[in-house]
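Here's the structure we're looking at; comments come further down.
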Amino acid sequence: DTGVSQDPRHKITKRGQNVTFRCDPISEHNRLYWYRQTLGQGPEFLTYFQNEAQLEKSRLLSDRFSAERPKGSFSTLEIQRTEQGDSAMYLCASSPKTSTGELFFGEGSRLTVL
Amino acid sequence: GESVGLHLPTLSVQEGDNSIINCAYSNSASDYFIWYKQESGKGPQFIIDIRSNMDKRQGQRVTVLLNKTVKHLSLQIAATQPGDSAVYFCAEKSKGTYKYIFGTGTRLKVLA
């Protein structure tokens, strides 16, 4: 499978615990995005990487959220001290540098905070 | 499977009819627009895009219209099929940024 891969697909955690999601973009895609989606809403932009550099970060991303892309390939999104309001689908997308703009999305990681 | 968009605006269309899904945007600096389709439990899937220097673009069974005067975008689906049932989102990007902002979405239901 050469699409965007996300892991885990589902995560249930207790409030206050830390969680980490991983995204493997399409090979050679240098742009990588994280979005959050709640029921009834469109995806909300969280952050964007070009290679290993985090170029944009939403104000929605509190200091409990951190994203990394250390080698410019896979990325991780960590949420510390989770809150019930963090329950959502976390979507990763990638696009090649030469792309006109299309984002290729993964299937998402569903987080449920109890 | 997971349901996306329980309280989204819904458009119900008879199979074989044409569908028109609308989207309003507010940022006059938006220079690129995309329509995505999202099926239950899946990530958004690209349908068609259009740049701000165009007012119409056609794909296979889909057409996107852009009216910059009133900041309105529409997606037309010809001969709607059951497989078109999904939630549809428009997304916009501003010049000078690679951040894509998504709208709230419209659920399309195709009636047999």
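Bear in mind that the values in this text are calculations on the coordinates, not laboratory data. The shown structure was predicted, so the numbers you read here are calculated from the model rather than taken from an experiment. Positions of Cβ are backbone-derived with ideal geometry, glycine not excepted, and every protein chain shown enters the neighbour counts.
Summary of values
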| read-out | value |
| --- | --- |
| Rg over Rh, two decimals, chain B (C-alpha only, Kirkwood Rh) | 0.96 |
| In sequence order, calculated HN-Hα J values of the stretch A:42-58 (Karplus, 6.51, -1.76, 1.60; Hz; x Gly/Pro) | x, x, 9, 5, 10, 7, 9, 10, 10, 6, 8, 8, 7, 8, 9, 9, 6 |
| In sequence order, calculated HN-Hα J values of the stretch A:64-74 (Karplus, 6.51, -1.76, 1.60; Hz; x Gly/Pro) | 7, 9, 9, 10, 9, 8, x, 10, x, 10, 6 |
| Hydrodynamic radius by Kirkwood, which averages 1/r over all alpha carbon pairs of the stretch A:53-99, in angstrom | 12.6 |
| Compactness of chain A as Cα Rg over 2.2 N^0.38 Å, two decimals | 1.00 |
| Residues whose placed amide H lies under 5 Å from that of B:Ser85, excluding near-sequence neighbours | B:Val110 |
| Label point 7 Å beyond Cα of B:Gln60 along Cβ direction - residues of the stretch B:71-112 with amide nitrogen under 19 Å | B:76-86 |
| For the stretch A:1-52, fraction of C-alpha pairs farther apart than 19 Å, in % | 42 |
| The protein assembly as shown - convex hull of the alpha-carbon atoms, volume per residue in Å³ | 127 |
| Contact order relative to length of chain A, as percent, for alpha carbon pairs under 8 angstrom and 6 or more apart | 37 |
| Leading residue at positive end of dipole, chain B (Cβ point charges), from B:Ile21, B:Val110, B:Tyr100 | B:Tyr100 |
| Relative contact order (%) - chain B, alpha-carbon pairs under 8 angstrom, separation at least six | 37 |
| Given charges at beta-carbon only (K, R positive; D, E negative), |dipole| of the protein assembly as shown in Debye | 400 |
| Surface/4 of the Cα convex hull for the stretch B:15-63, nm² | 4.7 |
| Residue order, fewest to most surrounding Cβ atoms within 10 angstrom, among A:Leu111, B:Leu111 | B:Leu111, A:Leu111 |
| 15 Å beta-carbon shell around B:Ser12, net charge (K/R +1, D/E -1) | -1 |
| The stretch A:17-69 - percent relative contact order, Cα under 8 Å, separation 6 or more | 24 |
| Electrostatic dipole magnitude of chain A [Cβ: Lys, Arg +1; Asp, Glu -1; Cα centre; debye, to 20] | 340 |
